Amino acid sequence: MSTTTGNTDRHHITDPPDFPGARSPRCPFDPPTQQADWRRARGLREVRLTNGRTAWAVTRYDDVKKILSDPRISADGRRYPQLMNSDRTEQPQAFPRMDDPEHARIRLTLTGEFTVKRVETMRPHVRSVVDRFLSELVEAGQPADLVHHFAQPIPSTVISLLLGVPYGDRAFFQTRSATLQFTGASPEDKKTAHRELFQYLVGLVERKETEPGDDLISRLMKERVATGEFTAREVAMNSLVILHAGHDTTANLIALGTLALLRNPQQADRIRETDDPRVVARAVEELLRYLSISQDLVFRVATEDLVIGGQLVREGQMLTVSVPSANRDTVFEAADTLDVGRDTRGHLAFGYGVHQCLGQSLARVELQEALPALLRRLPDLRLAVPLQDVRFRHDTATYGVYVLPVAW
Ligand code: HEM
């Protein structure tokens, strides 16, 4: 029997399966095995989320695009407080969990910082950060953990500098972010981690008011708080969102992407041997598509009764989007094959619609710099343990590996 309360339509009498579900140990890069069956079946699948509530899993490419662009489907976290980490009485709402026009008002104040043009000016800095951590990886001696020495520090350093968050505080913000990411953390632990991060950023924002720097927080204080457009607490919340979203995601893709390339050496060679940035850019898009790390991150709620993918979804019911499954749908030929030369136009790794990833240009530049530099500097890079000993992140909102021991 269905035991939980999220969906009120009770066509299913068996216990709903868990979302996102288990991945095959044989191919840890493939989406959870059962999602391929849901994708082929009619309608949507009722599933149980990690917090015990039920939702409709959306696994087909076309359905995902539809629900992420349908104004009757809401991202507003106030409609599903049970999935929120923040305490609404203490903190302002985070803009990714708002609908337009409220969401657009805040997002538009930030987009200028993340345009392709703006992010391109950061490429030389990103390159030097990559070089620095490559050297530190080599100095660490082999075997070394690629997550700790390379994948994690690159995006953390870049986002810290962009925001104006001291990199020396990384242990503080990385541990809180890890709790927010961990699907097994209790709601109390998540709320505490969120509150601590928020308070930390409130303190930082206050300091920037008197000691501004050349960074995003200082610019927001000067250009938006001084004009009355934002409160300082809203700046702290926007900074929290960017800090949290901006380091762990890219770190996971650098590490998982490296592992996928080590398991597909011919694909790695194509990246290592080219001097054409367009070839690298294309390869990065394919890694984004093939690995689609946002496994338990994209939630919505229906604001009225509607039919999606042949399924009646009632007002108030939750939807959980499987980006990994949608990106393996038949719109991509031989979708389960990693082919770094393929055309991946239209992939959904950064989502779709008004909430499409704000930091995608930055993530792209980081990946385009990190992966070829690693493969070229360490041409004999290899996994230092058997694949079955690698601990995959089945239990976090974005997929990846906890530790990646490598030798060269
Ligand atoms: C490989 C790296 C990344 C992946 C796969 C990724 C994926 C995503 C996805 C799927 C969404 C849509 C969520 C939804 O519709 O509910 C999203 C939104 C977002 N991402 Fe990323 N992201 C990455 C890197 C980044 C970086 C580097 C930043 C910041 C600098 C960032 C900031 C954001 C923000 C602020 C949103 C919310 C946008 C909104 O609601 O308007 N992301 N990301």
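Some points to look at:
- Failed condition for HIS125, given (1) touching a Phe, Trp or Tyr at 6+ places or on another chain (Cβ under 9 Å); (2) within 16 Å of the ligand (Cβ to nearest atom): (1)
- Residue within segment 338-355 that is closer than 27 Å to PRO81 by Cβ, among the small types (Gly, Ala, Ser) and either within 16 Å of the ligand (Cβ to nearest atom) or in contact (Cβ under 8 Å) with a residue 12 or more places away in the chain (or both) present: yes
- Filter pass, LEU162 being under 23 Å from LEU243 (Cβ atoms), within 15 Å of the ligand (Cβ to nearest atom), open to solvent by 20 Å² or more (accessible area, probe 1.4 Å) and hydrophobic (A, V, I, L, M, F, W, C): no
- Condition check for GLN368: open to solvent by 20 Å² or more (accessible area, probe 1.4 Å), modelled with pLDDT of 95 or more, within 8 Å of the ligand (Cβ to nearest atom) and at negative phi: no
- The set of residues in segment 371-396 being assigned to a helix (DSSP H, G or I) and either in contact with a Gly (Cβ under 8 Å, 6 or more places away or on another chain) or within 11 Å of the ligand (Cβ to nearest atom) (or both) consists of LEU371 alone.
- In this structure, ARG97 does satisfy being at pLDDT below 95 and under 18 Å from PHE350 (Cα atoms).
- Residues that are of a type in the set (Phe, Trp, Tyr) and away from the ligand (no atom under 15 Å from the Cβ) occur at least once in segment 56-64.
- Pairs meeting the criteria (first residue in segment 271-294 and within 15 Å of GLN360 (Cα to Cα), second residue among the acidic types (Asp, Glu) and more than 16 Å from the ligand (Cβ to nearest atom), beta carbons under 9 Å, at least 6 apart or on different chains) are ARG282/ASP343; GLU285/ASP343; GLU286/ASP339.
- Qualifying positions in segment 303-326 - more than 14 Å from LEU44 (Cβ to Cβ), within 14 Å of the ligand (Cβ to nearest atom) and either touching a Pro at 6+ places or on another chain (Cβ under 8 Å) or open to solvent by 30 Å² or more (accessible area, probe 1.4 Å) (or both): PRO324
- Where a residue in segment 231-244 is closer than 19 Å to SER156 by Cα and its partner, wherever it lies, is open to solvent by 40 Å² or more (accessible area, probe 1.4 Å) and within 14 Å of the ligand (Cβ to nearest atom), with Cβ under 9 Å and at least six apart: VAL241/PRO96
- Members of segment 295-315 found to be in contact (Cβ under 8 Å) with a residue 40 or more places away in the chain and closer than 16 Å to THR54 by Cα, listed by number: ASP296, LEU297, VAL298, PHE299, ARG300, VAL301, ALA302, GLN311, LEU312, VAL313, ARG314
- Close contacts from segment 89-114, counting a first residue that is within 17 Å of SER361 (Cβ to Cβ) and near the ligand (Cβ under 8 Å from one of its atoms) and a second that is open to solvent by 60 Å² or more (accessible area, probe 1.4 Å) and hydrophobic (A, V, I, L, M, F, W, C), with Cβ to Cβ under 8 Å and a gap of 6+ residues or different chains, come to ARG107/VAL354.
- Helices (runs of 4 or more DSSP H) (entirely within segment 229-300) containing at least 2 residues that are of a type outside the set (A, V, I, L, M), open to solvent by 10 Å² or more (accessible area, probe 1.4 Å) and within 15 Å of the ligand (Cβ to nearest atom): 232-263, 277-291
- Single match in SER156, SER128 (criterion: more than 21 Å from the chain's Cα centre (by Cα) and polar (S, T, N, Q)): SER128
- Residue match in segment 146-153 (condition: exposed (fewer than 15 other Cβ atoms within 10 Å of the Cβ), more than 11 Å from the ligand (Cβ to nearest atom) and polar (S, T, N, Q)): no
- In segment 192-213, the residues that are open to solvent by 70 Å² or more (accessible area, probe 1.4 Å) and touching a residue at least 24 places away in the same chain (Cβ under 8 Å): ARG195, GLU206
- Contact map, segment 368-383: residues that are within 11 Å of GLU273 (Cα to Cα) paired with residues that are assigned to a loop (DSSP other than H, G, I, E, B), Cβ distance under 7 Å, separation 6+ or inter-chain. Pairs shown: LEU375/LEU381.
- Only a single criterion out of (1) open to solvent by 60 Å² or more (accessible area, probe 1.4 Å); (2) over 21 Å from GLN317 (Cβ atoms) is not satisfied by GLU113, namely (1).
The values are calculated or read from the model by the stated rules, or taken from the named source; none is laboratory data. Just so it is clear, the structure is predicted and the values come from calculations on it, not from any experiment. Here the Cβ is made from the backbone with ideal geometry for all residues, glycine too, and neighbour counts use every protein chain on show. Note: areas computed on protein heavy atoms with side chains; ligands, DNA, RNA excluded. Shrake-Rupley method; radii C 1.70, N 1.55, O 1.52, S 1.80 Å.
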